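J.: If you scroll down you'll find the structure; I have some questions about it.
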């Protein structure tokens, strides 16, 4: 596992080196078929990550948001999002992140969330406590057994369809407060005990695979909106809670 962790960190390192020169620069953003933006920083970072991981583990598969899947028959597969939160990146906000995950079959066993501007990094390994490197905060979700005391977060309201909006609003009404924005960075904050719940629809496997080991290693839980484990072929609905006691009441409101 130490070799795998070292490879994941090396991939995050080279991605950060590729991204930082473009931060708060006037670069063009192209629109992909799903209308999400992509930049030269996204593409350059993913190519650098692929080169590192292919060299260290040539037998592993690699799935990246920008360049697809290599070696699809491999049981172990790296899953990469070079910039999770490209909208934040192109508008100069330091709330995007680099995501590196390793799946064994369909199960995430390793995840890294890296913020290359602030220098913060979360490392999650299945069955191990989450590690955090940063100037402020200690890894560990906080106790919050009651929804009415919970801080709820979501990236943006426009990501919901009408039915999802209704379900999410039920949950929001039961919580203490709602904050918007953050992409993967918000999940890192949940693993530090600053946020209690995140509920979002439509995440792809490269959006959530790295988050699961980080949050669960910090004492939280991650499921879809039906309470099922996250799966590459799932619907992308994602519910993350810091205190496992929040899971059942949150699911009940999302399903009502």
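J.: For a quick check: sort 9, 59, 158 by the number of other beta carbons within 10 angstrom, fewest at the front.
T.: By the 10 Å Cβ count, ascending, the order reads 158, 59, 9.
J.: Counting pairs of alpha carbon atoms under 8 Å apart in space and at least six apart in sequence, what relative contact order in percent does the chain give?
T.: 17 percent
J.: Relative contact order of the range 2-133: what whole-number percent is it, with Cα pairs under 8 angstrom and at least 6 residues apart?
T.: It rounds to 20 percent for the range 2-133.
J.: Give the angle, between 0 and 90 degrees and rounded to the nearest 10, that separates the Cα long axis of helix 162-174 from the longest principal axis of the Cα atoms of the chain.
T.: So the inclination is approximately 60 degrees.
J.: Still on this structure, I have one more. Working from Cα positions, state the angle (0 to 90°, nearest 10) between the long axis of helix 40-56 and the longest principal axis of the chain.
T.: Computed tilt is about 70 degrees.
J.: So, one more: Taking neighbour Cβ counts within 10 Å as the exposure measure, how do 14, 241, 222, 112 sort from fewest upward?
T.: The fewest-first ordering by Cβ neighbours comes to 14, 222, 112, 241.
J.: At a Förster radius of 41 Å, what calculated FRET efficiency corresponds to the Cβ-Cβ distance of residue 75 and residue 158, to the nearest 0.05?
T.: Calculated value: 0.65.
J.: Could you work out how far helix 2-19 tilts from the main Cα principal axis of the chain, as a 0 to 90 degree angle to the nearest 10?
T.: 80 degrees
J.: Taking only Cα atoms of the range 147-255, what ratio of Rg to Rh do you get with Rh as the Kirkwood inverse-distance radius?
T.: Over the Cα atoms of the range 147-255, Rg/Rh equals 0.91.
J.: On to the next question. Could you put 1, 230, 49 in order, starting from the residue whose Cβ has the fewest other Cβ atoms within 10 Å?
T.: By the 10 Å Cβ count, ascending, the order reads 1, 230, 49.
J.: For a test of the definition: using alpha carbon positions, the gyration tensor, and the 1.5 limit on a/c, classify the range 111-151 as rounded, prolate or oblate.
T.: Oblate, because a/c is 1.5 or more while a/b does not exceed b/c.
J.: Placing one identical point scatterer on every Cα of the range 1-138 and ignoring solvent, what is log10 I(q)/I(0) from the Debye formula at q = 0.13, 0.16 Å⁻¹?
T.: With no solvent term, the Cα-only Debye profile gives -0.53, -0.80.
J.: Moving on. Rg and Dmax of the chain, using alpha carbons, in Å: what are they?
T.: That works out to 17.1, 49 Å for Rg and Dmax.
Only the coordinates and a few stated rules stand behind these numbers; no lab work does. Predicted model only: the values in this text are computed from it and were never measured. All Cβ positions, glycine included, derive from the backbone under ideal geometry; neighbour counts span all protein chains shown.
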